[in-house]
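Working notes for the structure below.
The values are calculated or read from the model by the stated rules, or taken from the named source; none is laboratory data. The model shown is predicted, which means the values in this text are computed figures rather than measured ones. Reconstructed Cβ throughout: ideal geometry from the backbone, glycine too, with neighbour counts over all protein chains shown.
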Amino acid sequence: MEHDVRPWGEYWVLEDTETHKVKKILVNPGHRLSLQYHEHRAEVWTMVSGTGTVTINDQIQDYGPGTVAQIPLGAHHRIENRTENPLIFIEVQYGNYFGEDDIIRVQDDYSRI
């Protein structure tokens, strides 16, 4: 199973096929992913534990366990853990390409632009 540690937490690839990719993502307390978009994939995020503050274009909303955020192709998006507890969610990517080089960062707390 592919696993990667990032400055904000870590992820595990649960499934990687021609039609979709599934990741389990852990966001550490007080951290957030970059504000980003994708040219080749859309995503669906299902919260498993904790509360994620999700930005999709100009909308910001908190999502708790069992709730789902849909990220359309090309939408600027990020997730943030503003709590003291770990945030875990499942990301399902669908589209025609799922490589990590399809992450276009608009803003990043860790200077990865």
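Here are the numbers for this structure:
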| read-out | value |
| --- | --- |
| Qualifying residue in the stretch 63-75 (condition: modelled with pLDDT under 95 and not acidic (Asp, Glu)) | no |
| Residue 1, sole failed condition from (1) part of a strand (DSSP E or B); (2) farther than 18 Å from residue 107 by Cα | (1) |
| Condition met for residue 83 (surrounded by 14 or more Cβ atoms within 10 Å (Cβ to Cβ), of a type in the set (Ser, Thr, Tyr) and over 14 Å from the mean Cα position of the chain (by Cα)) | yes |
| Those residues of the stretch 16-47 which are closer than 22 Å to residue 64 by Cβ and not hydrophobic (A, V, I, L, M, F, W, C), in sequence order | 23, 24, 28, 29, 30, 31, 32, 43, 46 |
| Condition broken by residue 28, with the remaining ones in (1) under 22 Å from residue 2 (Cβ atoms); (2) surrounded by 19 or more Cβ atoms within 10 Å (Cβ to Cβ) satisfied | (2) |
| Subset tally (residues that are part of a strand (DSSP E or B) and either under 18 Å from residue 5 (Cα atoms) or hydrophobic (A, V, I, L, M, F, W, C) (or both)) for the stretch 85-102 | 6 |
| Qualifying residue in the stretch 61-71 (condition: in contact with a Ser or Thr (Cβ under 6 Å, 6 or more places away or on another chain) and of a type in the set (D, E, K, R)) | yes |
| Residue among 105, 82 that alone is modelled with pLDDT of 95 or more, assigned to a strand (DSSP E or B) and closer than 20 Å to residue 6 by Cβ | 105 |
| From 46, 19, residue being polar (S, T, N, Q), touching a residue at least 40 places away in the same chain (Cβ under 8 Å) and closer than 19 Å to residue 101 by Cα | 19 |
| Checking residue 56 against (1) among the hydrophobic types (A, V, I, L, M, F, W, C); (2) free of Cβ contacts under 8 Å to residues at least 24 places away in the same chain; (3) crowded, with 19+ Cβ neighbours inside 10 Å, the condition it does not meet | (3) |
| Odd one out for residue 109, checked against (1) in contact with a Phe, Trp or Tyr (Cβ under 9 Å, 6 or more places away or on another chain); (2) of a type in the set (D, E, K, R); (3) under 22 Å from residue 21 (Cα atoms) | (3) |
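Yes/no matrix, rows are residues, columns are (1) under 18 Å from residue 104 (Cα atoms); (2) of a type outside the set (A, V, I, L, M, F, W, C):
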{"site": "6", "(1), (2)": "yes, yes"}
{"site": "9", "(1), (2)": "no, yes"}
{"site": "15", "(1), (2)": "no, yes"}
{"site": "26", "(1), (2)": "no, no"}
{"site": "29", "(1), (2)": "no, yes"}
{"site": "32", "(1), (2)": "yes, yes"}
{"site": "44", "(1), (2)": "yes, no"}
